[in-house]
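Visitor: Below is one structure. I have some questions about it.
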Protein chains: 2
Amino acid sequence: MHDDDIANIMRALGHPVRLEILRIMATQQQGQCCCGDVTESLPLAQSTVSQHIKVLHDAGLIERKPHGTRNRYCIRQDRLAELSSAFGGLLKGLAPSAAGKETELA
Amino acid sequence: MHDDDIANIMRALGHPVRLEILRIMATQQQGQCCCGDVTESLPLAQSTVSQHIKVLHDAGLIERKPHGTRNRYCIRQDRLAELSSAFGGLLKGLAPSAAGKETELA
DNA sequence: CATGTTCATCGCAATTCACCGATCATTCGG
DNA sequence: CCGAATGATCGGTGAATTGCGATGAACATG
C-alpha cells in the first residue's frame with residue numbers, strides 16, 4: 001500500500017459523518033444495511049448520505065450489493081485489515097530513531 | 001478521543017505530501033528538522049510546505065520549538081500513541097458482529 | 001403497464017484545500 | 001544598526017468538498 005492509497009483512505013475517514021456511517025453499518029444486522037437505514041439515523045438529506053457512502057465506496061472501504069430495489073452495503077473487513085497493517089507500518093516508520101534502522105540491520 | 005478529533009487527524013494524514021513530511025521529520029537527526037530541510041526534499045514551494053506543516057501542527061501531530069532564526073519541528077510521539085489507540089478502538093467497533101457486544105457483556 | 005419505493009446522480013451554492021509568489025517578522029552576524 | 005537568512009502569513013486562483021432539492025433509473029407489485 002502506497003502513500004497515495006493510505007492518504008485516500010485517511011481522507012475518506014476524515015469526516016465524522018463517515019465514521020458514524022461506518023459504525024451504523026457495523027451495528028446493523030449481519031453488518032449489512034441500505035442507504036435508508038443510514039439516512040434514518042442521521043440528520044442529513046438522503047442525497048448527502050448517498051454522497052458520503054460513495055466516498056467510502058470509492059475508497060474501497062465498503063461493498064455494494066444490489067438487492068432488489070435497494071442496495072445492501074457492508075464494510076470490507078479485508079480492506080480494514082489492510083489499512084490496519086499499513087497504518088501500523090506508517091507508525092513504525094515514524095517511531096523515534098526509526099532513522100537508520102534498515103541500514104543498521106543490513 | 002471523539003469522532004471529530006479522530007476525523008481531524010485523519011484529514012491531516014489524508015494527503016501524501018503530509019505523510020512524506022512526517023517521514024522526513026522522522027528520518028532527520030534526533031527526529032528534529034526545520035522547514036527548510038523539508039522544502040529541500042520536496043518539489044514544492046516553501047510557502048506550500050509551511051502550509052502543510054501548519055496543518056500537521058494544528059492537528060497536534062508535530063511540535064514547534066523556535067530555535068534561533070529557525071524553527072525545529074518534531075513528531076509528537078504521545079499523540080501518535082493516542083491516535084494509534086483511538087484507531088484501534090475504531091477498528092474494533094467496526095469489526096464483524098461488534099453489533100451488540102456491549103449489551104452482551106452487560 | 002401504471003405506481004410506488006429506493007437510491008444514485010445531477011445541478012447549485014458555500015466553503016475549504018492546495019498551490020503559488022510576495023511580504024513581513026524575527027533573529028543572527030557584522 | 002544593517003543586511004542576510006529563515007519561515008510564517010497574506011492574497012489570489014483553481015479545484016475539490018459538503019450540503020441541499022430535484023430528477024432519473026431500476027425494480028417490485030398490483
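No value in this document is a laboratory result; all are computed from the given coordinates. Since the structure is predicted, the reported quantities are computational estimates derived from the model, not experimental observations. Quick reminder, even Gly has a Cβ in these numbers, built from the backbone with ideal geometry, and neighbours come from all protein chains shown.
Visitor: Under a Cβ-only charge scheme (Lys and Arg +1, Asp and Glu -1), can you give me the dipole magnitude of chain A about the Cα centre, in debye to the nearest 20? Don't jump to the answer; show the numbers that get you there.
Guide: Working: 12 positive and 12 negative charges, 78 e Å.
It works out to roughly 380 debye.
Visitor: For the protein assembly as shown: lysine pairs with Cα atoms under 29 Å, gap of 8 or more or different chains, count?
Guide: Within the protein assembly as shown, the lysine pair count is 13.
Visitor: For chain B, report the translational diffusion coefficient in µm²/s to the nearest whole number, using Stokes-Einstein at 4 °C, 1.567 mPa s, and a Kirkwood Rh over Cα pairs.
Guide: Estimated diffusion coefficient is 85 µm²/s.
Visitor: Sum -39500 (n - 2.57) across every DSSP H segment of at least 4 residues in chain A, then divide by the residue count to get the 222 nm mean residue ellipticity, nearest 500.
Guide: Only helices count here, giving -19000 deg cm²/dmol.
Visitor: Treating only the Cβ of Lys, Arg, Asp and Glu as charged (+1, +1, -1, -1), what charge dipole size does the protein assembly as shown show about its Cα centre? Round to the nearest 20 debye. Show your work: numbers first, answer last.
Guide: On the way: 24 positive and 24 negative charges, 34 e Å.
My answer is approximately 160 debye.
Visitor: Toward the positive end of the charge dipole of segment A:3-94, about the Cα centre and with charges on Cβ (Lys, Arg +1; Asp, Glu -1), which of A:50, A:34, A:77 goes farthest?
Guide: Working it through, the farthest residue towards the positive pole turns out to be A:34.
Visitor: Let me make sure I get this right: for segment B:45-93, a, b and c are the square roots of the gyration tensor eigenvalues over alpha carbons, sorted descending. Under 1.5 in a/c it's rounded, otherwise prolate if a/b > b/c, else oblate. Which is it? Please report the intermediate quantities before stating the final value.
Guide: Details: a/c = 5.02, a/b = 2.12, b/c = 2.37.
It is oblate, given that a/c is not under 1.5 and a/b is not larger than b/c.
Visitor: Per-residue HN-Hα couplings for segment B:34-42, Karplus 6.51 cos²θ - 1.76 cosθ + 1.60 at θ = phi - 60°, whole Hz, x for Gly and Pro?
Guide: Couplings: 10, 3, x, 4, 5, 4, 4, 8, 10 Hz.
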